[in-house]
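Read the structure below first, then the notes.
Values in this text are rule-based calculations from the coordinates and carry no lab data. Note that this is a predicted model, so its numbers are computed, not measured. Don't worry about glycine lacking a Cβ; one is built from the backbone with ideal geometry, like all the others, and counts go over all protein chains shown.
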Amino acid sequence: MRAPAIAFAAFALCASAPAALAEGTKEPGKAIPIGSKAPMTDTKLKNAADGKDVTLASVAGTKGTLAVFTCNNCPFAKAWEERIVALGNGYAKKGVGVILIDANKGETAAEMQARAKERGMEFPYAIDDKGQVARAFGAQKTPEAFLFDKGGKLVYHGTIDDNHEEPAKAQKHYLQDALEAVVNGKAPPLTETKSLGCGIKFPKVS
């Protein structure tokens, strides 16, 4: 079921920013529906942390797999970043495969590598330099989470929690609740919430 609209105090930079259009397209892509398998699981992406190739298939966990589309510079992504990393590191130890994916044009591997080290990411932070994986998922925002169960089916899509600015005041922990359900072999209490953040700045399609 879909959660009701969530009110957030927006940052000025992208307070009302619509999803960025992939250049050469007329409208943003639609996110893959709940119950779908992850697309492009064998597509090679570069892990900025170590320069090695990584795929969604290679990071898949025994309990499930979490892919979060994010970036270095969006205020929403930066505000939620510590929580995303804490969830990723914690649930990776519980059998969930985790990958962060940056499809924003203009962001460098060096920036991503520094961010991964600074935040102590224990999972790949991958470069989707052509934006092909983000487009295949229908991802539009940073950050935007897609959680798959152990059978590879999408069981949660959306935002992190209900307060990007003040972690201590968050009352609804959507992604954490979904992760906890997945590691226990249960269905998340919510399958979708509204993704809020800056629109992905897709690279030009050649």
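Judged by the gyration tensor of its Cα atoms, with axes a ≥ b ≥ c, the range 37-127 is oblate; a/c meets the 1.5 cut and b/c is at least as large as a/b. Could you tell me which of rounded, prolate or oblate describes the range 115-206, using a ≥ b ≥ c as the square roots of the eigenvalues of the alpha-carbon gyration tensor, with rounded for a/c under 1.5 and, failing that, prolate when a/b is larger than b/c and oblate otherwise? Prolate, since a/c reaches 1.5 and a/b exceeds b/c. Normalising the average separation of contacting C-alpha pairs (under 8 angstrom, six or more residues apart) by the number of residues puts the relative contact order of the range 59-116 at 53 percent. Here the spin labels are modelled as points 7 Å beyond Cα on the Cα-Cβ line, and at residue 93 and residue 37 they lie 3.3 nm apart.
Each residue of the range 161-175 is assigned a 3J(HN,Hα), and the resulting list reads 7, 9, 8, 6, 7, 10, x, 5, 9, 5, 10, 10, 9, 4, 5 Hz, derived from the Karplus form 6.51 cos²θ - 1.76 cosθ + 1.60 (θ = phi - 60°), x at Gly and Pro. The per residue volume of the convex hull around the alpha-carbon atoms of the range 94-159 is 100 Å³. Looking at this model, which pairs from 169/201; 30/150; 30/93 are more than 26 angstrom apart at the alpha-carbon? Exceeds cut-off: 169/201; 30/93. Modelled spin-label separation between residue 62 and residue 110, with each label point placed 7 Å from Cα along the Cα-to-Cβ direction: 4.1 nm. Within the listed set 193, 41, 142, the residue fluctuating most in the Gaussian network model of the chain (springs between alpha-carbon atoms under 10 angstrom) is 41. Close amide H pairs (under 5 Å, H built 1.01 Å from N) link residue 101 with 68, 69, 70, 126, residues at least 5 positions away or on another chain.
Would you mind telling me the antiparallel percentage of the DSSP bridges in the chain, rounded to 5?
In the chain, approximately 60 percent of DSSP beta bridges are antiparallel ones.
Going from the fewest other Cβ atoms within 10 Å to the most, the residues 205, 183 appear in the order 205, 183. The helix-only estimate of mean residue ellipticity at 222 nm for the chain, built from DSSP H runs of length n ≥ 4 each weighted as -39500 (n - 2.57), is -7000 deg cm²/dmol after division by the residue total. Past 18 Å, Cα to Cα, is the threshold; run 63/141; 130/204; 37/130 against it and keep the listed order. From 63/141; 130/204; 37/130, over 18 Å: 63/141; 37/130.
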